[in-house]
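Each value in this text was obtained by applying a stated rule to the coordinates, not by laboratory testing. Bear in mind the structure is a predicted one, so any value in this text is a computation, not a measurement. So basically every Cβ, Gly included, is an ideal-geometry build from the backbone, and we count neighbours across all protein chains shown.
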Amino acid sequence: MSNKPKIIVAGMCDTKFTEMKFVAEEVRKAGGEVKILNCGCGVPCDWPDISLQEVLDVIGEKQENVFKYPRSTAVKTVGESGAKKIMQMYEAGEVDGIISWAGSMGTTTVTYLMRALPFGVPKIMMTDMASSDVRQWLGNKDIYIMNPTAEQGINIVTRKMVANAAAAIVAMAKVGEVKAAENKPLMAITAYGTTTQTVNRCSDYFTRKGWDTITIHQVGPGATMEDLIRSGQITAILDLTTGELTNNMYHSLYRTPDTWTGERVTAASDMGIPQIVTPGGCDQAACGPLSLLSQEYLDDFKTGKRRPYRDTGLPYIHNEGVTIMYPTLDEIKELSHYYAEKMNTAKGPSVFIIPMQGWSAYDQPAEKASLERGWAAGNGDAPQWLPDEQEPRFSKRSTVMRKILENEFDAGKENLDLLIADLNIVEPEFADLCCRIMDDMLSGKWKKGMYRDLSYVIA
């Protein structure tokens, strides 16, 4: 029996047969055992190791029918069937890695297969489309991108690129499964730059306690985190930054991927692992460059529906790639209903904390901004503080959310609690509160109603 890593070379064998054979040969030279899998949906091919018909047999479809479909339908059919086929092969021990070389249609098709494979299985997507928007192909999976500089053609440039990719996929496949050091439990912590102070303080605390921590930036990878939770790889979560929920509202570049079928703030509840959730970062939405913002939203800043940055009549430009939108109070209400719906399904110990004095370094009065609170003193650019009329030290967003959650959280669930904290999320006391709660959860000491004796816990 061969000890060589089993590598699948997948692609459209009907149009890229020369390129497919070349990739396969380079993988063999690098030390891999190769099978070529055909995803071509134009004309029959009899030379690949795994024919299109074998791929389609998984769903009971005939290739003759697929050849007659509109191109988009054919690609979707082959991609979905290929995803099932590759998982059958993986479960049979026939896949240690997968590599492709394709243009837009081939990459669209093959990445169905790549996204189906578990995290950690090497996946290399070679495409000359690498400089375009690749979110649809990557989804939330660990797919490596290489730019071969051309869609096809074997020449002095592409030979080297393909050889590099082939060597990479074989080398990655040889690594095998990586065991967690000393079987440490893994805690996920979600982050923005504007919640960093609390994220770092919590991460340091649990690292000292002997945990591995994984910090996940909330610009799309929240989908990955949810799937990792469902796979059993994450033991507990400090969901300090759920800002992707507002990104999703605006169909932002930094939303969870359209190829993902899950929902944020659901996996921990379903799996019953300890979780702490806050609206961290939901005072804002990270959108793409200003040039990509819809006219509808731009008009909102001119009409006063949305608060502009200073007197520009425009949103705040965080950097060239990120424009900051601020949700309306109606959108905060919508968000609050969402939290209540998802948290009410929790099976394990779950606490939702509302920091009444703001949800990020943006969400604080300009006079309080400091390096310690996540913003340069005197900057005043980013903070978009919206005080409550009755209690000016509280955020209006927090007041709105508190009213809804107090009314809609299931009061009969002993594993679910709502805490109202008289703090900003970037204050050290807030981080310490989260660490204390999670410590109690992990040790089995946590009970609903704890922490009400703390001076900064209102309810």
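Brief remarks on what is shown
- Cβ crowding within 10 Å ranks Trp137, Trp446 as Trp446, Trp137, fewest other Cβ atoms first.
- Dipole of the range 6-175 [Lys/Arg +1, Asp/Glu -1 at C-beta], most positive-end residue of Asn155, Val9, Val78: Asn155
- Ranking of Asp417, Asp453, Asp388, Asp299 by neighbouring Cβ atoms within 10 Å, starting from the fewest: Asp453, Asp299, Asp388, Asp417.
- The rule of thumb for compact globular proteins, 2.2 N^0.38 Å, goes into the C-alpha radius of gyration of the range 419-459 1.13 times.
- Note on the range 1-105: Rg/Rh from C-alpha atoms, Kirkwood Rh, equals 0.96.
- For the range 289-303, the Karplus equation 6.51 cos²θ - 1.76 cosθ + 1.60, evaluated at θ = phi - 60°, returns couplings of x, 3, 5, 9, 6, 5, 4, 4, 5, 4, 5, 4, 6, 7, 7 Hz by residue, with Gly and Pro reported as x.
- Sites Arg28 and Tyr69 - FRET efficiency at Förster radius 30 Å, r taken between beta-carbons, to 0.05: 0.35
- Placing a label point 7 Å from the Cα of Asn344 along the Cα-to-Cβ direction, the residues of the range 246-269 whose backbone N falls under 17 Å of that point are 265-266, 269.
- Looking at the range 6-175, the pairs of alpha carbons with a distance over 26 Å make up 18% of the total.
- The modelled label-to-label distance for the pair Lys160/Arg436, using points 7 Å beyond Cα in the direction of Cβ, is 6.1 nm.
- Reachable aspartates and glutamates from Lys6, criterion Cα separation under 16 angstrom, eight or more residues apart if same chain: Glu25, Glu26, Glu33, Asp49, Glu91, Glu94, Asp96, Glu177
- Surrounding net charge for Asp432, when Lys and Arg each add one and Asp and Glu each subtract one, Cβ distance under 12 Å: -2
- Shape summary: the range 135-278 maps onto an equivalent ellipsoid whose semi-axes, from the alpha-carbon gyration tensor, are 33, 21, 14 Å in decreasing order.
- Using alpha carbons only: equivalent-ellipsoid semi-axes of the range 367-459, gyration tensor based, whole Å: 28, 18, 10
- Among Gly281, Val457, Gly412 the positive-end extreme of the charge dipole of the chain (Cβ point charges): Gly281
- With helices as the sole contributors, the chain gives -11000 deg cm²/dmol at 222 nm; each DSSP H run of n ≥ 4 counts as -39500 (n - 2.57), and the sum is divided by every residue.
- Which of Ser2, Ser398 has the fewest Cβ neighbours within 10 Å, and the rest in rising order: Ser2, Ser398
- Label reach from Thr18 (point 7 Å along Cα→C-beta): in the range 147-165, amide nitrogens under 13 Å belong to 151-156, 158-159.
- For the chain, the Cβ-based charge dipole about the Cα centre amounts to some 740 debye (Lys, Arg positive; Asp, Glu negative; other atoms uncharged).
- FRET efficiency estimate (nearest 0.05) - Cβ-Cβ, Met450 to Ile145, R0 51 angstrom: 0.65
- Rounded Å value of the spacing that divides the Cα centres of the range 301-325 and the range 120-149: 32 Å
- Its Cα gyration tensor gives the chain an equivalent ellipsoid. The semi-axes, each the square root of 5 times an eigenvalue, are 46, 26, 20 Å from largest down.
- Segment Asp46-Gln88, length gained on full extension (0.36 nm per residue, minus Cα span): 12.9 nm
- Rule-of-thumb Rg ratio for the range 182-249 [Cα; 2.2 N^0.38 Å; N residues]: 1.09
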